[in-house]
1. If the only charges are +1 at each Lys and Arg Cβ and -1 at each Asp and Glu Cβ, what is the size of the charge dipole of the chain around the Cα centre, to the nearest 20 debye?
2. Please identify every one of the GluC sites (Glu not before Pro) in the chain that sits in a loop by DSSP and has no more than 12 other beta carbons within 10 Å of its own beta carbon.
3. Working from Cα positions, state the angle (0 to 90°, nearest 10) between the long axis of helix 57-68 and the longest principal axis of the chain.
4. List the residues of the stretch 12-55 whose backbone N lies under 13 Å from a point placed 7 Å from the Cα of SER83 along the Cα-to-Cβ direction.
5. About the Cα centre of the stretch 1-50, how large is the charge dipole given +1 on each Lys and Arg Cβ and -1 on each Asp and Glu Cβ? Please answer in debye to the nearest 20.
6. Compute the signed sum of charges (Lys and Arg +1, Asp and Glu -1) over the other residues within less than 12 Å, Cβ to Cβ, of GLY42.
7. For each of MET72, MET67, count neighbouring Cβ atoms within 10 Å of the residue's Cβ, then give the residues from fewest to most.
8. Please report VAL27, VAL82, VAL52 as a ranked list, fewest other C-beta atoms within 10 angstrom at the top and most at the bottom.
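Here, each number is a calculation from the coordinates, and none is a lab measurement. Since the model is a prediction, treat every value here as computed from it, not as a measurement. Note that we place each Cβ from the backbone using ideal geometry, even for glycine, and neighbour counts take in every protein chain shown.
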Amino acid sequence: MTAGAVPLDADGNLVGRGNYVAETRQVLGNLGLALGAADARGEDVLKATVYVVTEDRADLAGVWRVMQESEMAAAASTLLGVSLLGYEGQLVEVEAIAVTG
């Protein structure tokens, strides 16, 4: 299981501020690194929880499209609109459970 992957770069800067798609892509890149450190890949993810700061279904749909284009598309997933995440300006976070053989 990974902790929530966030849209920060290696220097701790928020990537894609204000852009749901850009943040989601950065989150997925960071999640890929975390999975790789555990000898896993996106295809090994069984369950993902996606948190999106929004009350607008269009924002949720944009994030969902990026998720469905990723290696984690086959995973059971929950998409949630939330009011606030941990970093100032952060819009997207993904938590994943993966299994390796």
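1. Values: 6 positive and 14 negative charges, 33 e Å.
I would put it at about 160 debye.
2. Qualifying residues, ordered by number: GLU55, GLU69, GLU88.
3. 20
4. Zone members listed by number: 54-55.
5. 160
6. -3
7. Least to most surrounded, the residues fall as MET67, MET72.
8. Fewest-to-most Cβ neighbours within 10 Å comes out as VAL82, VAL52, VAL27.
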